[in-house]
1. Going through segment 374-403 one residue at a time, which ones are away from the ligand (no atom under 15 Å from the Cβ) and surrounded by 22 or more Cβ atoms within 10 Å (Cβ to Cβ)?
2. Restrict the check to segment 100-108 and report whether at least one residue is at pLDDT below 95 and either outside any helix (DSSP H, G or I) or within 22 Å of the chain's Cα centre (by Cα) (or both).
3. Answer yes or no: is there a residue in segment 220-231 that is outside any helix (DSSP H, G or I) and modelled with pLDDT of 95 or more.
4. Leu256 - would you say it is under 20 Å from the mean Cα position of the chain (by Cα), away from the ligand (no atom under 16 Å from the Cβ) and surrounded by fewer than 24 Cβ atoms within 10 Å (Cβ to Cβ)?
5. Could you check how many residues of segment 215-253 are small (Gly, Ala, Ser), within 16 Å of the ligand (Cβ to nearest atom) and closer than 21 Å to Asp380 by Cβ?
6. Mind telling me which of the residues Gln130, Gln137 ends up being free of Cβ contacts under 8 Å to residues at least 12 places away in the same chain, farther than 26 Å from Ile251 by Cβ, open to solvent by 40 Å² or more (accessible area, probe 1.4 Å) and out of contact with any Cys (no Cβ under 7 Å at 6 or more places or on another chain)?
7. Filtering segment 372-389 down to residues that are farther than 19 Å from Ala223 by Cβ and assigned to a strand (DSSP E or B), which residue is nearest to the chain's Cα centre (by Cα)?
8. Exactly one of these conditions fails for Gly43: (1) crowded, with 24+ Cβ neighbours inside 10 Å; (2) not in a helix (DSSP H, G or I). Give me its number.
Amino acid sequence: MSSSPASARDGFSSGFGVLAATLGSAVGLGNIWMFPYQTGNNGGAGFLLIYLLATLLVGLPLMIAEISLGRSARTDPVGVYRKLAPGTLWWIIGALGLVSVLLIMSFYSAVVGWVFAYVGKSVSGGILTQDRSLLEQTFGGLVSNPAAALGWQWLVLLLVGIIITFGVSRGIEAVTKRLMPLLFGLLVLVALAALMLPGAMEGVRFLFLPDFSRIDGQVLLKALGLAFFKLSLGVGSMTIYGSYFRQQQNIPRTALTVMLADLTVSMLAGLAIFPAVFALGFNPASGPALLFQTIPAVFASMPLGHLLMIVFFVLTAFAAIGAMLSLVEVPVAILHERLRIERARATWLTVLALVGLGSLSALSSSTLSHVQLGGMNLFDLFDFLSSKLLMPITGLLTCLFVLLRWKQAGFVAANSNEGALHNTGLLRAVFTILTKVTPLLILTVMLYGLLG
Ligand code: PHE
C-alpha cells in the first residue's frame, strides 16, 4: 500500500509515509501565501509571537487529539464520534468540520488557481521585474478577470478530482515527498537573495521585533485562526488522516515533528517576503496579493531567477494540492463510509459541489464584488467563517469530547499505543493542557475577538 489514503480503510504503510502525508496536509498555501500576508496585515512580530503561542498551546495538543481519535475509531470524521460515543450528538463535531472544509476549499482552490496562473506568467517571463506598479497591475488584472479566475480554479478542481479518482494520488504523494525538500531548499535560496537586497534588514526587524501596540482582540483571533488553518485542525483532515495511521506510529512525536517542520517553512517564506517588501517599497499590508507581488521582484534580483521562479510556483502548486487532497478527503470519506457512495462517485460529487461553491470565491473580486456581508466579500467571508468561527468552535468541542467522553484513560491509552511507548507522564501533561488550557484560550480569544 502506498502512503495515499486513496481507498478507504487502507492505511499508510511506513512511518515515513505517515509523516509525509501529514506534513503534506499541513504545508501549503497557509505557509507561503497566508502566513506572510496575515503577519504583514497585523503588524509583524507581535502577531508572529501570538501565532507561535497558539500553535504550541492550541495547535499541537489538538493535533494529537484529532489524530488519535481518528486512529482509535478508524472511520470518517463523522463516524468517529458515532463510534466512540454512540447515541449522542457529538458527531456534530464532524459535521461542523465538513462545513468548514467546503468553505475553505472554496477560497483555497481560487488561490491555487492564481498560483497556476503565475506558473504560466513565470514561463513567459513578463513578471520578472522589480517594477512595483507592473506587479500590482498583473495581480489585479488576474483576480478582476472573471474568466481567468474561474478558468484556473476549475482546472485546479478538475486536477484534484482526477488525482483522487484514478488513484494517481500514489504518484502525487510520491512526487510530493520528493518535492517537499526541494521547496524547502528553494525557499532557503529565495530568503538569502531577499536578505541581500539593500534595505532588507527593515523587513527582518518587522518580522522579529514585536510591536504590541497593534495587538487587539481581532488580531488574537486571527492568530488563533491561522494556527488552526496551518495545522489542518478543526475540519476533520487530521482525524481522517489519523484513521489511516499505522497502529504502532508514535502520534505525539509525529505531531511535534509536523508542527516544527511546518513552522520552519512559514518562517522561510516570511524571510523570503518581508525583506523584499521593505527593500522595494511594497506595502506589508497588501493582503492576499502580497506573495504574488513581491516574490517575482525577489526572483528578478537572483541569478537564474527566471528558471527558479517557474520552479517556485510549480512547487507551491504541488504543496497546495497536497493540502487540498486532505481537505477533499473529508467529504469523500463521509460520503463513502456514511452513505456508502462509491469513492469515485463521491469524489466527483464533491468536485462538482466545489465548482459551484468555489466560483463564489473566484468571482468575489469581479462579478460578485458587490455581494458583501459585514464589510467582507465572499472570499473574505468564507475565510472568516471557517478559520475564525467554525474551526475554533470545532476545536473547543473536540477538547470537551476528550475531557467528558474519552477521558484521560482513553486519551493516554490511544497515544501511548496501549502502554507500548512509555510516555504516560508526558501524555498526562498534554491531557491537562488539552482539557484546561486549550479550551480556555480558545474561548477567551473568541469572545474577546468577536465581542471585544
Ligand atoms: N494546512 C493547509 C495549509 O496551510 C490548509 C488546510 C487547512 C488543509 C485545513 C487541510 C485542512 O495550506
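1. Result: Leu378, Phe379, Cys399, Val402.
2. Within segment 100-108, none of the residues are at pLDDT below 95 and either outside any helix (DSSP H, G or I) or within 22 Å of the chain's Cα centre (by Cα) (or both).
3. yes
4. Values: under 20 Å from the mean Cα position of the chain (by Cα): yes; away from the ligand (no atom under 16 Å from the Cβ): yes; surrounded by fewer than 24 Cβ atoms within 10 Å (Cβ to Cβ): yes.
The answer is yes for Leu256.
5. 5
6. After applying the criteria, what remains is Gln137.
7. Looking at residues that are farther than 19 Å from Ala223 by Cβ and assigned to a strand (DSSP E or B), I get Asn377.
8. For Gly43, the failing item is (1).
The values are calculated or read from the model by the stated rules, or taken from the named source; none is laboratory data. Remember, it's a predicted structure, so these values are computed and weren't measured experimentally. Cβ: placed from backbone, ideal geometry, glycine included. Neighbour counts: every protein chain shown. The accessibility values were calculated without ligands, DNA or RNA, using every heavy atom of the protein model including side chains. Shrake-Rupley method; radii C 1.70, N 1.55, O 1.52, S 1.80 Å.
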